[in-house]
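Each remark here refers to the structure printed beneath this line.
Nothing in this text is a laboratory measurement; each read-out follows from the coordinates by a stated rule. Given the structure is predicted, the values throughout are model-derived calculations rather than measurements. As a convention, Cβ positions derive from the backbone with ideal geometry for all residues, glycine included, and neighbour counts pool all protein chains shown.
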Amino acid sequence: MIQNKKKCYVCIDLKTFFASVECSERNLDPFKTNLVVADPSRGNGALCLAITPKMKNMGIKNRCRIFEIPKDVEYITALPRMNLYMDYSAKIYEIYLRYVSENDIHVYSIDECFIDITPYLKLYNKKPKEFAQMLMDAVFEETHITATAGIGTNLYLAKIALDIISKHVDGNIGMLTERMYQKYLWHHQPLTDFWHVGVGTMNHLARMGIFDMYGITRCPEEIMYKEFGINAEYIIDHAYGKEPTTITQIKAYAPQTNSISNSQVLFEDYEYYDALLVVKEMVDLLVNRLVSNHLVTDNISLYVGYSRSDKNCPVTGSGGQRKLTVRTSSLKIIMKEFVELYHSKVLKNSKIRQISISLGNVLDEYYESYDLFSNIEQLEEEKNLQRAIIQIKEKYGKNAILKGMNKLEKATTEKRNTLVGGHNAN
């Protein structure tokens, strides 16, 4: 049992959230209904964002492709509605705030959060499990969304209690202390069930003859650091069930360097110059963010992922970065640098399916710099025009003003402006 004198965290997950929201909107029980959240217009290989628990109990994977659903299974298809899901998430966050301070909540994703419940157990005169149940009941009463929870003496244990233990206990509330973790999970497999252990890390450990958390604790630390570098620190801590980071520290964290980025998976394979058009659109949008937030940059980076169907392509992707001679928010300057970077790094005869761009070393516009060739008056005029465009879009919508390139056949901005997170907003 977790004692109140120790730190106590709860990690709450909204079960198959998108699918549960769609069921709630239709007054359906997700545990008795076959429902899939997906966009069939993207083809039979479109990803299912969520399926109901009933379908998961049939052995269907939550993040499957449409074609992977057995043909004999009848189900309701719900188009993704990201704005609706964000509204539900915001409402559930408001429910939590009735019981705890925002300073004690760390939102991990749209459907998952951590809460430091240590100071509230005595206040509400409840044990950890009772407190978690109180929050889960409040969410279900107002939204009909079922939640699961993990309780632990640190953030890591709370997450593991949720991911591994809660699935196998009555009430769907898992609980872990360091001692319980070492007793019940040291020999648990596969290692990918554990938070922050991906397939690559698991395979790396397997090559070292390590197949469970206990094996990590038996490996000399100098070998772990040699194999994993600085990441060995958290791998070793997690093997023992330790995690020193608190929610207070997470909220206080400020990165030394900042960047803003934009990426997209294209709806189809693109040719070289069609993909360059999309890069230009993405640069335009990212520079708008710079200007809107009064920021400047002096570093750009580009990555292009090639289509898996292009069997003649010698690599999976290519790209690079470039240091600018000035720190700026000028679309003209940044666009020119991206176009040159694209031409120097991207393969001309390969099909392109993914594009990512980033602006690095982002600082307040106070740090804007110029070179001998800079026309300061012209740069200020450009910035004023950008600000005017931004104001119109904020008032009338992202598609209120479009450039000529946005209306070309292979352009994506006009369509993507209607999406949230790459999916239908409504």
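Here are the numbers for the structure shown:
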{"read-out": "Those chymotrypsin sites (Phe, Trp or Tyr not before Pro) in region 228-257 that DSSP places in a loop and that have at most 10 other beta carbons within 10 Å", "value": "Tyr253"}
{"read-out": "Burial ordering of Met58, Met213, fewest other beta-carbon atoms within 10 Å first", "value": "Met58, Met213"}
{"read-out": "Rounded if a/c under 1.5, otherwise prolate or oblate - region 260-424, Cα gyration tensor axes", "value": "oblate"}
{"read-out": "Within a Gaussian network of the chain (alpha carbon springs, distance under 10 Å), most fluctuating of Lys332, Lys403, Lys395", "value": "Lys395"}
{"read-out": "Expected 222 nm ellipticity per residue - DSSP helices of 4 or more, -39500 (n - 2.57), all of the chain, to 500", "value": "-11000 deg cm²/dmol"}
{"read-out": "Two-site label geometry, Glu25 and Tyr273: point separation in nm, points 7 Å out along Cα→Cβ", "value": "4.2"}
{"read-out": "Potential extension, Leu402-Asp193 segment - 0.36 nm per residue separation minus Cα distance", "value": "70.7 nm"}
{"read-out": "Candidates Glu381, Glu25, Glu337: whichever shows maximal mean-square fluctuation once the chain is modelled as a Gaussian network with Cα springs under 10 Å", "value": "Glu381"}
{"read-out": "Part-to-part distance (alpha-carbon centres) for region 349-425 and region 139-155, which is given in Å", "value": "39"}
{"read-out": "Region 17-82: C-alpha gyration tensor shape, a/c 1.5 cut-off, then a/b vs b/c", "value": "oblate"}
{"read-out": "Alpha-carbon gyration tensor eigenvalues x 5, square-rooted, for the chain, Å", "value": "41, 27, 25"}
{"read-out": "Three-way shape call for region 103-231 based on the alpha-carbon gyration tensor, with the a/c threshold at 1.5", "value": "prolate"}
{"read-out": "Burial ordering of Ser329, Ser41, Ser24, Ser259, fewest other beta-carbon atoms within 10 Å first", "value": "Ser41, Ser259, Ser24, Ser329"}
{"read-out": "Ranked Ser358, Ser101, criterion: other C-beta atoms within 10 Å, fewest first", "value": "Ser101, Ser358"}
{"read-out": "When each of Lys129/Lys159; Lys7/Lys91; Lys336/Lys393; Lys336/Lys415; Lys280/Lys332; Lys54/Lys91 is checked by Cα-Cα distance, pairs over 18 Å", "value": "Lys7/Lys91; Lys336/Lys393; Lys336/Lys415; Lys54/Lys91"}
